[in-house]
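Reviewing the structure listed below.
Read-outs: derived from the displayed coordinates by stated rules, not from any lab. Just so it is clear, the model here is predicted, and its values are computed rather than measured. Heads up, the Cβs are rebuilt from the backbone with ideal geometry, glycines too, and the neighbour counts pull from every protein chain shown.
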Amino acid sequence: MQLDDRSNLILEDILNQPTLNSRDLIQKYNITRRQLGYSLKKINDWLTYQNLPPIERTRQGNFLIDESSFPLPVKPEGMHILSEDQRVYLIILMLLSQDDISLFHLTSALDVSKNTALKDLKRAQAYVSDYDVSIRYSRRLGYVMEGDEFRIRKLLIRITYKVLKMHNGERWLRQMACIRESELAELKKRIGKVEKKLNLQFTDEKIEMMPYTLMLVLRRVKKRHRVRPFSIQYEELSDTKEYQATEEILYDFRDIPVEERLFITLHLLTASVYWSEHLTEEEIPNLKQALDEMLQLFEKRACVVLQDKEQLLNKLLLHVKPAYYRIKYHLSEMNEHHDSVSKEFMALHHLVKQSINPLKNLIGMEIPESETSYFTMLIGGWLTRQGESLQEKVKAIVVCPSGVSVSRFMFSELQELFPEFVFLDSLSVREFEHYTLDYDLVFSPIYLETDKKLFIVDTVLKREEKNRLRRQVMLELHGYIPLDIQVEDLIGIVKRHASIQNEPALSRELNRYIHRHFSPSDHIRQDDSSNANLSDFITPDNITFKHSVSSWEEAIRLAAEPLIDSGKIEPKYVEAMVKHCDQDPYIVINPKVAIPHASPDEGVHEVSMSLLKLDRGVHFAGQYCIHVLVVIAAVDKHRHLKALMQLMKLAGSEEDVRHILQAASAEEIRSILKKYATE
């Protein structure tokens, strides 16, 4: 007779913590009183079957146990009943570490019937299939594991971790994998030498697990279960200090293949480190720069300033170096930090994921949830240490039914207008209806059903409307309207208490800070270009036709040539566009249309636009094939705004985009652009 997983856990809790009551168990397992009663009945049936007295429950919900029938030495080991999942882990461990395993071996080791063992084997088969590995039976060899050895090693590492996390995990590992204590002690000694050689210290969890993993891997190597030569990149790993350190582990192994030495190297590289004397970028160039850019993006999105950032960067580097190799070789499932992200950190986690692009671009792969969760916990702890919390900040979302490009434009404008708010997302109405993160404010051009504060705003706001909206929001949130602060008054106060070295510069800085919610152009007269249409900027001379290009970077440079030739932008603006576009997928405003651009201070002399049409599209961000690039060179936030909104509306028309792709001349394209001049 077997207990189900939940009943098994409840029994262990009652035996090991006699002061627990019904309410504690209901809360812990998120079950009803009736479900708890059902589990208790199953437990008592099992106890009766084992010739043990049943557990009684009082009216107050406490439990009465006959202590004499459950002697203390029995509780930790003898009374532990394996769950279905745990039996599956142990079956897989036996198949990976031993030979000639029969059904008799399984029933004997797990103390279960033949039928139970056969059912568990089916579950084990389902589990290993996720690794493209299978369990096969033959009369000669018994049950064996088949599949690519690199995948089998991944499975072995995972199962070792799972078994170690079980109650009495080390005992189960030694018993089921037939591990001798002397072998284990020797490997622990060798790992200690590796730490000294590398001048680092592995985390306690890794130090506990690594001897078992290495022992089982080396056992497979001796049995000639070898990884394929091309599973691991030789050049990337052979130059590392970890590759040299493998000699401390493998010095008495004869004729060990290079691929196996590389696998041990990879195992050392992916192990989490608690401390390291050397934090350099020799092995992974630009890693620190990518992390710094990630933190800058996070600060901007979360409206915080991270103190002692260099120290935080070093902590991140300790984690990211092993994470780099875990991600690259698809070993991130070993990292289970995502289970620990609490509800309090969900908004923070969301912002961290939005800031991860620099690291993703460096590695060239998506960053798994398990790795980003660690960043969240580390940054969240850092904010707590400096006395900041995202919970205390006003969190806002933007909801717009007019398409992705308009929604993102609104998001950017409102983020600039309210720099003290955390803007979580720009959403469609449908996305908003299923949005799960906590927020305080909603900005939208339409009415929405919500119990949060809703502010109806136009998709494009003029200076006066921005000023009015900011006053309205502050009055609604805080009960006051921001004061009209005069720079001259501030200068006077500073003069009374300190000497000013450069009064004009201080005045400019203060003015820029006080009016940071608006573009500088809000305070000066705007020229006629603020009313220019899309067709006014994109003249025949600014339109280029090309059959194909070899890369995304070449497309940007080709599209920008007319603006360089006319002196409206400098070559450095083109390079800035290439750099920014690598980090900003938002430049795609239609699956076939993109708008590369950079900051005005990176080489723009005059507001301008140019267009490149490609017969054969160029791939961007791994998911788009771009046929039309419109380079935008802006000098401020306003003079190109009318033309930009016309371009966004054009991008929302599949018919007009198709007509542009079919156009054979500049005038045909301009005739399409002119349709939007009245918008």
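Here the stretch 635-679 and the stretch 584-614 have alpha carbon centers that stand 13 Å from each other. Between Lys675 and Gln98, the distance separating the two model label sites (each 7 Å from Cα on the Cα→Cβ line) works out to 7.4 nm. Could you work out how far helix 487-497 tilts from the main Cα principal axis of the chain, as a 0 to 90 degree angle to the nearest 10? Relative to the chain, helix 487-497 is tipped by roughly 70 degrees.
Taking amide H as placed 1.01 Å from N in the peptide plane, the amide H of Lys453 sits under 5 Å from that of Val442, each at least 5 places away or on another chain.
From the cross-link list Lys223/Lys315; Lys288/Lys613; Lys162/Lys189; Lys315/Lys393, which pairs have alpha carbons spaced over 28 Å apart? Pairs exceeding 28 Å: Lys223/Lys315; Lys288/Lys613. In this Cβ point-charge picture (+1 for Lys and Arg, -1 for Asp and Glu), the chain has a dipole of about 1880 debye about its Cα centre. Spin-label model, Lys546 to Cys625: label points 7 Å out along the Cα-to-beta-carbon direction sit 1.8 nm apart. By the beta-carbon count within 10 Å of each Cβ, the least crowded to most crowded order of Tyr435, Tyr131, fewest first, is Tyr435, Tyr131.
Tally the DSSP beta bridges in the stretch 529-674 and give the antiparallel ones as a percent, rounded to 5. Intermediate values should be presented prior to the final figure.
Working: 12 of 19 bridges.
The antiparallel fraction comes to roughly 65 percent.
Between Lys189 and Gln27, the distance separating the two model label sites (each 7 Å from Cα on the Cα→Cβ line) works out to 5.0 nm. Estimated purely from DSSP H runs of n ≥ 4, each contributing -39500 (n - 2.57), the mean residue ellipticity at 222 nm for the chain is -16000 deg cm²/dmol once divided by its residues.
If r is the Cβ-Cβ distance from Glu416 to Leu477 and R0 is 22 Å, what FRET efficiency results, to the nearest 0.05? The partial results should precede the final answer.
Values: r = 18 Å, r/R0 = 0.82.
With a Förster radius of 22 Å, E is 0.75.
Roughly how tilted is helix 309-328, in degrees to the nearest 10 and between 0 and 90, from the longest Cα axis of the chain? Taking the Cα atoms of the chain, the angle to 309-328 is about 60 degrees.
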